Amino acid sequence: GGGFFANSTGLESLKGAPQKVGGDFVFAYNSVKSFNYLPLEIGGDVHCEHNQLKSFDYAPNKVNGDFYYKNNPNLVLPKIKPNWLHGKFKL
């Protein structure tokens, strides 16, 4: 039921992350390039600011909170809000 917090930890991959998180999923200020291994369901917000993300491949099935993504210079946002996102994309 808790969250996952890994700010500024040197992460390059989300391999080994839990498949479901009841709270926020935070991995800002790292070098993650892909959403691969992101939990399938996130009960809170996603904070992925300041990484090297490129696309929304491997995005989760459900995010109940907001999606914070600023400073991912190569990230291409979907043209239409994904059906899994109940909150908002936020810079």
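The values are calculated or read from the model by the stated rules, or taken from the named source; none is laboratory data. Fair warning: this is a prediction, and the values are worked out from it, not measured in the lab. Neighbour counts are summed over all protein chains in view; Cβ atoms, including those assigned to glycine, are modelled from backbone coordinates with ideal geometry. To get the accessible areas, we keep the full protein, side chains included, count just its heavy atoms, and leave off ligands, DNA and RNA. Shrake-Rupley method; radii C 1.70, N 1.55, O 1.52, S 1.80 Å.
Computed from Cα atoms alone, the Kirkwood hydrodynamic radius reported for the chain is 12.7 Å.
Ligands, DNA and RNA aside, GLU12 has an accessible area near 140 Å² when probed at 1.4 Å.
Name the residue, out of LYS62, LYS54, LYS81, whose mean-square fluctuation peaks in a Gaussian network model built on the chain with Cα pairs under 10 Å. So, out of LYS62, LYS54, LYS81, the one fluctuating most is LYS81. Each Cα pair under 8 Å and six or more residues apart adds its sequence gap; the mean of these over the residue count of the chain is a relative contact order of 23 percent. In the neighborhood of LEU75, defined by Cβ-to-Cβ distances under 13 Å, what is the net charge if each Lys or Arg adds +1 and each Asp or Glu adds -1? Local charge sum for LEU75: +1.
Under 5 Å between amide H atoms, partner at least 5 residues away or on a different chain: which partners does VAL26 have, H built in plane at 1.01 Å? It is PHE4, PHE5, ALA6, HIS47, by chain and number.
Of the chymotrypsin sites (Phe, Trp or Tyr not before Pro) found in the chain, those in coil by DSSP whose Cβ has at most 16 other Cβ atoms within 10 Å are TYR37, TYR58, TRP84.
Mean-square fluctuations from a GNM of the chain, with a 10 angstrom spring cutoff on Cα atoms, peak among LYS20, LYS33, LYS79 at LYS79.
Surface exposure of the range 8-85, expressed per residue as accessible area with a 1.4 Å probe, stands at 54 Å². Of the solvent-accessible surface of the range 13-85, computed with a 1.4 Å probe and all protein chains present, 46% belongs to carbon and sulfur. The 3J(HN,Hα) values that the Karplus relation (6.51, -1.76, 1.60; θ = phi - 60°) gives for the range 7-20 are, in residue order, 6, 6, 10, x, 4, 10, 8, 9, 4, x, 5, x, 7, 9 Hz. Gly and Pro appear as x. A simple rule links phi to the HN-Hα coupling: the Karplus curve 6.51 cos²θ - 1.76 cosθ + 1.60 with θ = phi - 60°, which for the range 76-87 gives 9, 6, x, 5, 10, 3, x, 5, 7, 9, 8, x Hz, with x for Gly and Pro. By a 1.4 Å probe calculation restricted to protein chains, LEU91 has an accessible surface near 140 Å², given to the nearest 10.
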